[in-house]
Amino acid sequence: MRSKAIEESTLSVILKAMQKENRLALEVSLYTGLRISDVLSIKTQNLYKSSFVVYEQKTGKRKKIVLPARLKNELFQICGHVYVFQGRLNGNKPRTRQAVWKDLHRVAGLFRLKGGCSPHSMRKTYAVDLRKMGLTPARIQKALNHTDLCVTALYMYADELQLRQ
């Protein structure tokens, strides 16, 4: 099943019910549009910079990241020596995307949300939010680092496409 965009009111309730580290990882994804694997690979040293660059694991593309002070402060509270989101068993490795997925899936089950709720939902929600803010499809495509505008359209209209299913 494909991931779906999540309404803001539902998303805020879901995030509040999650473990703090997983919630913060999803908040970073929601704020930046990064895939969860890229969020989890952010190194602690990057938090000390006003902006930093992430090379997306899936595409190798470069993306400049600027995090708001509120989010940075929360990340400093949970960060490990090497990675912001350190692994449960080994602090020299990042948290796994499966750990975030399991926590999100657990909470979605508690609230009886139908399928399609995954960490990738944050990326789709990010695109929908940008569309609602009035950004052009080309700007949203650039924000998501998509090569194909057709793929971007699937993300930015995810909320409307879900209503038709």
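Here, each number is a calculation from the coordinates, and none is a lab measurement. Quick caveat: nothing in here was measured; it's all calculated off a predicted structure. Quick reminder, even Gly has a Cβ in these numbers, built from the backbone with ideal geometry, and neighbours come from all protein chains shown.
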Requested in this report: Can you grab the distance from the C-alpha centre of the stretch 2-41 to the C-alpha centre of the stretch 111-135, Å, no decimals?
Outcome: 9 Å
Report summary line: By the Cα gyration tensor axes a ≥ b ≥ c (a/c under 1.5 gives rounded; else a/b larger than b/c gives prolate, otherwise oblate), the shape of the stretch 54-120 is prolate
Report summary line: What helix-only [θ] at 222 nm does the chain give? Using -39500 (n - 2.57) per DSSP H run of at least 4, over all residues, to the nearest 500, the answer is -15000 deg cm²/dmol
Report task. Please give the contour-minus-distance gain from L113 to F52: 0.36 nm per residue of separation, less the Cα-Cα distance, rounded to one decimal in nm. Result -> 18.4 nm
Query raised in the report: If you average the sequence gap of Cα pairs under 8 Å that are 6 or more apart and divide by the length of the stretch 81-123, what percent do you get for the contact order?
Result: 24 percent
Query raised in the report: In debye, nearest 20: dipole of the chain around its Cα centre with unit charges on the Cβ of K, R (+) and D, E (-)?
Result: 300 debye
Query raised in the report: Using a basic spin-label model with each label point 7 Å from the Cα along Cα→Cβ, how many nm lie between E160 and V66?
Result: 2.9 nm
**Report entry** Estimated FRET transfer efficiency when R0 is 25 angstrom, pair R2-L89 (beta carbons, to 0.05)
**Finding:** 0.20
Report summary line: By the C-alpha gyration tensor axes a ≥ b ≥ c (rounded if a/c is under 1.5, else prolate when a/b exceeds b/c, else oblate), the shape of the stretch 31-165 is oblate
Requested in this report: Could you list, in their original order, any pairs among K58/K102; K4/K43; K16/K72 whose Cα atoms are separated by more than 25 Å?
Outcome: K4/K43
Query raised in the report: In straight Cα distance, which aspartates and glutamates are under 13 Å from K63, not counting same-chain residues fewer than 8 positions off?
Result: D38
